[in-house]
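The values are calculated or read from the model by the stated rules, or taken from the named source; none is laboratory data. Bear in mind that the values here come from a model prediction, so they are computed numbers and not experimental data. Neighbour counts are summed over all protein chains in view; Cβ atoms, including those assigned to glycine, are modelled from backbone coordinates with ideal geometry.
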Amino acid sequence: MKAGVFFKENDLRVMEIDKPVPKDNEVLIKVMACGVCGTDVHIFCGDEGCFPTPSGTVLGHEFAGLVEAVGKDVHSVRAGDRVCVDPNQLCGECYYCRSGIGHFCEKMTGIGTGVNGGFAQYCTVPQSQVYKIADTTSYEEAAMTEPVACCLHGMDLCRVSCGDTVAVIGGGMIGMIMLQLAKISGAGTLIMIEPVAEKREIAKKLGADICIDPIGENVKEALAANRIDRISCVIECVGKTSTMEQAIDIAGKKSVVMLFGLTAPDDAMSVKPFEIFKKEIELMASFINPYTQKRALELIDHKKIDVSSIVYAYEGLDQLPVILSDAKLRAKGKFIIRPQK
């Protein structure tokens, strides 16, 4: 079968490897769609993602497909079921798992980051990690369950209330998901800060009340012109120290600043503690997707959130190395790989 195998920095090869065979408690999935995530880019560029990635690992952790076979101990799904995958398998035994904060599991298995994942025509996963999807949900939509689940955890931490003013910095896939989750949570005014005009137009269609171009406009002046007195929550979805500093700068008094974007491990930002003190800012971060996969799938299955309008292109596996190595190409939007193409 074909698979996208990571070897080292800037070295991912689409090559033939053996088709996996499911163990007793595993499910063999024919992968139909797998999203290209910022974490994949970090790994490709030589930075650590959420977990270390051994050389020879098939990347891809946002995926969905068709169950082709199951091990003898699998009872929750069967061949022919359509499923998506939660890529983070908890051990259930360590201190963090037993303390109800399993996303910090000391022995977590990261499918597509630590072990072989969904940038392949087939992938085996433990039955505990698969979720059946609705007949009305496409594989491409279902593949976005993992990023929606991650965003849900972040949104839970933001504690957005009805009528709040929420600003999202960055109109990529994650920013667009956060925008919609803030709307569902009852935000009264939604602001998107994004330099790409096409993405600002999509944001408007998805519910943004105000869209600001941070390159062509002065953000604070634009906020004042729109009579924004206080932003109660700012969600940074770019993963750059400059936009994280901007998030703190524009945040209102008694606000939450969510630094959701993933930076390189050694990046450092400039923070003025006095500013945080004066505005009583609650500075937050969000780590992966603890216990939110099912909720995310419910939102997608019932069309409460649009994960299709923000996809830029669907490509075959052969294009994966090109996408990962070309920042200008990735800046155009979300790519989804169809391994069977």
Scanning for something touching a residue at least 60 places away in the same chain (Cβ under 8 Å) and within 22 Å of Val257 (Cα to Cα), does segment 295-305 turn up at least one residue? no
Helices (runs of 4 or more DSSP H) lying entirely in segment 121-226 (those with 2 or more residues that are without any contact (Cβ under 8 Å) to a residue 60 or more places away in the chain, under 20 Å from Val238 (Cβ atoms) and of a type in the set (Lys, Arg)): 197-205
State which residue pairs qualify: first residue in contact (Cβ under 8 Å) with a residue 12 or more places away in the chain and inside segment 280-292, second residue assigned to a loop (DSSP other than H, G, I, E, B) and among the aromatic types (Phe, Trp, Tyr) in any location, beta carbons under 9 Å apart, and separation of 6 or more residues or different chains. Met284/Phe260; Ala285/Phe260; Ser286/Phe260
Subset of segment 261-279, residues in a helix (DSSP H, G or I) and closer than 28 Å to Asp40 by Cβ, comes to none
Quick check on my filter: what residues within segment 167-187 are more than 23 Å from Phe335 (Cβ to Cβ) and in contact with a Cys (Cβ under 7 Å, 6 or more places away or on another chain)? Gly186
Go through segment 284-341 and tell me which helices (runs of 4 or more DSSP H), entirely inside it, have 2 or more residues that are within 30 Å of Ser255 (Cα to Cα) and touching a Phe, Trp or Tyr at 6+ places or on another chain (Cβ under 7 Å). 293-301
Residue by residue through segment 307-319, note down the ones that are under 19 Å from Met173 (Cβ atoms) and out of contact with any Asp or Glu (no Cβ under 9 Å at 6 or more places or on another chain). Ser309, Ile310, Tyr312, Ala313, Glu315, Gln319
Here are the criteria: (1) farther than 22 Å from Tyr314 by Cα; (2) surrounded by 24 or more Cβ atoms within 10 Å (Cβ to Cβ); (3) over 18 Å from the mean Cα position of the chain (by Cα). Tell me which single one Lys107 does not satisfy. (2)
Among what's in segment 1-26 and is of a type in the set (Asp, Glu) and closer than 23 Å to Gln127 by Cα, pick the residue that is nearest to the chain's Cα centre (by Cα). Glu26
Residue pairs qualifying under the 8 Å Cβ cut-off, at least six apart or on distinct chains, with the first in segment 2-13 being at positive phi and the second being of a type in the set (Phe, Trp, Tyr) and not in a strand (DSSP E or B), are Asn10/Phe44
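Where residues in segment 1-56 are assigned to a strand (DSSP E or B) and aromatic (Phe, Trp, Tyr), which of them is surrounded by the most Cβ atoms within 10 Å (Cβ to Cβ)?
Residue satisfying both the conditions and the ranking: Phe6.
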Looking at Cys91, is it in a loop (DSSP other than H, G, I, E, B) and not β-branched (Val, Ile, Thr)? yes
Residues of segment 251-269 classified as buried (at least 20 other Cβ atoms within 10 Å of the Cβ) and out of contact with any Ser or Thr (no Cβ under 9 Å at 6 or more places or on another chain), total: 1
Any residue at all in segment 208-228 that is over 26 Å from Val271 (Cβ atoms) and acidic (Asp, Glu)? yes
For segment 209-235, how many residues are touching a helix residue (DSSP H, G or I) at 6+ places or on another chain (Cβ under 6 Å) and more than 25 Å from Ile276 (Cβ to Cβ)? 1
Sort through Lys240, Lys278, Lys205 and tell me the only one that's more than 23 Å from the chain's Cα centre (by Cα) and outside the structural domain of Thr137 (by TED's automatic domain parsing). Lys278
Output the number of residues of segment 124-141 satisfying the condition of being surrounded by 24 or more Cβ atoms within 10 Å (Cβ to Cβ) and either in contact with a helix residue (DSSP H, G or I) (Cβ under 7 Å, 6 or more places away or on another chain) or more than 16 Å from Ala64 (Cα to Cα) (or both). 1
Met258 vs (1) under 20 Å from Val238 (Cβ atoms); (2) free of Cβ contacts under 8 Å to residues at least 60 places away in the same chain; (3) aliphatic (A, V, I, L, M); (4) not in a loop (DSSP other than H, G, I, E, B): all pass except (2)
For residues in segment 287-312 being more than 17 Å from the chain's Cα centre (by Cα) and surrounded by fewer than 16 Cβ atoms within 10 Å (Cβ to Cβ), which is farthest from Thr137 (Cα to Cα)? Lys304
